[in-house]
Amino acid sequence: MSALALNRIGLAREAYKGAASTLCAGCGHNSITNHIVKALHDLGVEPHRLAKLSGIGCSSKTPAYFVDQAHGFNGLHGRMPAIATGAGLADRELVLLGVSGDGDSASIGLGQFMHLMRRNLDCTYLIEDNGTYGLTKGQFSATADIESVHKRGTVNHYQPIDPCAVALAVGTTFVARSFSGDGRQLVPLIKAAVAHRGTALIDIISPCVTFNDHVGSTRSYSWIKDNDAGLHDLSFIPYYEEIRVDYEPDQVQEVELYDGSTLVLSKLSEDHDATDRVGAIRLLEESRARGQLVTGLLYVDEHARDFATRERLAERPLRDLGEAELRIGRDDFDRLMAELM
């Protein structure tokens, strides 16, 4: 599709672009931005319904680089999940897209990250994971692999925090991992994440060309190229298109998402069932022991209720509710006071 082609709501891809990037040339985050633009354009997301949220770090600059006409909020370090939760509960019609980094989510924001994951807030959560603190000159982050080597020769002796493993442990309903340089895999994953009803996490390995793209790094372009083990080929079919795929039936797993879209997983080397949460945790551990980076959809639960539905919150945005709907009635107020006496 050309950049001038219109999507289903009559917008060209240009409408999904933002400001010019100020990140380093060759940064994996810039590739992710391009994949986000393509995914949102293909889906036909209405810009005024999109809310872009972030914290602090190189990754958190990303929302400035796509969909100028969307809502946006750049929060405090590691506090993006709280902002997303507030926005999502106040207006359930918003499409929430949070962009965070490995430092933002796995260190200072780890508590917030885990609670958003376990509550199943309806949002897409992208981690641009480069294993380093780029803004503060390249220290190891909490996701850096053990025995990986710093640009200046320092070796990391601490076990990494794996965002996907943490998310699976606390019950996240959509967990995937991908690579910034693999648009063929990442674009359908982002589309599926947006279509998913609940929290959708994609941990995206994104090389930092300034501080973490050298021999000894496990976040470099060359290391990922040599050690990427894809689980499947992915095809995303939106609800308004007919499903047409040419795969052998015993090699395909279809996942129907909340909005009627379908994610088709054509299995490659691993016989992985994407609905098996325990199997996904085991797969992560085994692949790490083999020195491999497993990419693809690790787990999905398309039937779980999202946070707002479970808490029986109003479908209408709070801004549209009148005083009579927001205030407790006199009878209910008297009953409440009687219970407290």
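Placing dummy labels 7 Å off each Cα toward the beta-carbon, the span from R184 to A25 is 2.8 nm. The ellipsoid equivalent to the alpha-carbon distribution of segment 131-204 has semi-axes of 28, 15, 10 angstrom, derived from the gyration tensor eigenvalues as √(5λ) and listed largest first. Spin-label model, H303 to E286: label points 7 Å out along the Cα-to-beta-carbon direction sit 2.5 nm apart.
Alpha-carbon geometry of segment 127-256: the Rg and the Dmax are 17.0, 53 Å, given in that order. Size descriptors for the chain: radius of gyration and Dmax over Cα atoms are 20.6, 70 Å.
Just to confirm the filter: which chymotrypsin sites (Phe, Trp or Tyr not before Pro) across segment 6-84 are DSSP coil and have at most 12 other Cβ within 10 angstrom of their Cβ? It would help to have the intermediate numbers written out before the result.
Working: sites: Y16, Y65, F66, F73; in loops: none.
Nothing satisfies the criteria.
Available extension along the chain between A169 and D273 is 35.7 nm, counting 0.36 nm per residue and deducting the alpha carbon span.
Given axes a ≥ b ≥ c from the Cα gyration tensor, I'd like to know whether segment 52-175 is rounded (a/c under 1.5), prolate (a/b larger than b/c) or oblate. Taking the square roots of the gyration eigenvalues as a ≥ b ≥ c, segment 52-175 is oblate.
I need the peptides 40-53, 321-334, 191-204 ranked by packing, meaning the mean over residues of other C-beta atoms within 10 angstrom, with the highest value on top. Let's see the in-between values first.
Values: 40-53: 19.5, 321-334: 9.1, 191-204: 25.5.
Highest-to-lowest ranking by the protection proxy: 191-204, 40-53, 321-334.
Which chymotrypsin sites (Phe, Trp or Tyr not before Pro) does segment 146-230 hold that lie in a coil by DSSP with at most 12 other beta carbons within 10 Å? Each step should come with its number before you reach the end.
Details: sites: Y158, F174, F179, F211, Y221, W223; in loops: Y158, F211.
Loop-located and lightly packed - Y158.
Mean residue ellipticity, 222 nm, helices only, the chain: the sum of -39500 (n - 2.57) across DSSP H runs of n ≥ 4, divided by residue count and rounded to 500, is -8000 deg cm²/dmol. Annotation for segment 270-325 versus segment 26-61: alpha-carbon center distance of 20 Å. Both the radius of gyration and Dmax for segment 192-341 are 22.9, 70 Å, in that order, over alpha-carbon atoms.
Computed from the alpha carbon atoms alone, the convex hull of segment 248-313 holds 107 Å³ per residue. Solvent-accessible surface of the chain, averaged per residue with a 1.4 angstrom probe and all protein chains in place: 47 square angstrom. For the pair H115 and D226, label points projected 7 Å from Cα toward Cβ lie 4.3 nm apart. The orientation-averaged shadow of the Cα convex hull for segment 15-107, equal to a quarter of the hull surface, comes to 5.8 nm². Straight-line cross-link partners of K17 among the lysines, defined as a Cα under 18 Å from its Cα and at least 8 positions apart when in the same chain: K38, K52, K61, K191.
Please give the FRET efficiency for E14 paired with A338, using the beta carbon to beta carbon distance and R0 = 56 Å, rounded to the nearest 0.05. Don't skip to the answer; put the middle values down first.
Working: r = 61 Å, r/R0 = 1.08.
Efficiency, from the Cβ-Cβ distance: 0.40.
Legend: calculated FRET efficiency, A324 to Y240, from the Cβ-Cβ distance at R0 = 41 Å, rounded to 0.05, equals 0.60. By the rule of a C-alpha distance below 13 Å, with chain neighbours fewer than 8 residues away ignored, the aspartates and glutamates paired with K151 are D213.
The values are calculated or read from the model by the stated rules, or taken from the named source; none is laboratory data. Everything numeric here is computed off the predicted structure, so don't read it as measured data. Every residue, glycine among them, receives a Cβ derived from its backbone with ideal geometry; neighbour counts consider all protein chains shown. Just the protein is used for accessible areas: all its heavy atoms, side chains included, with ligands, DNA and RNA removed. Shrake-Rupley method; radii C 1.70, N 1.55, O 1.52, S 1.80 Å.
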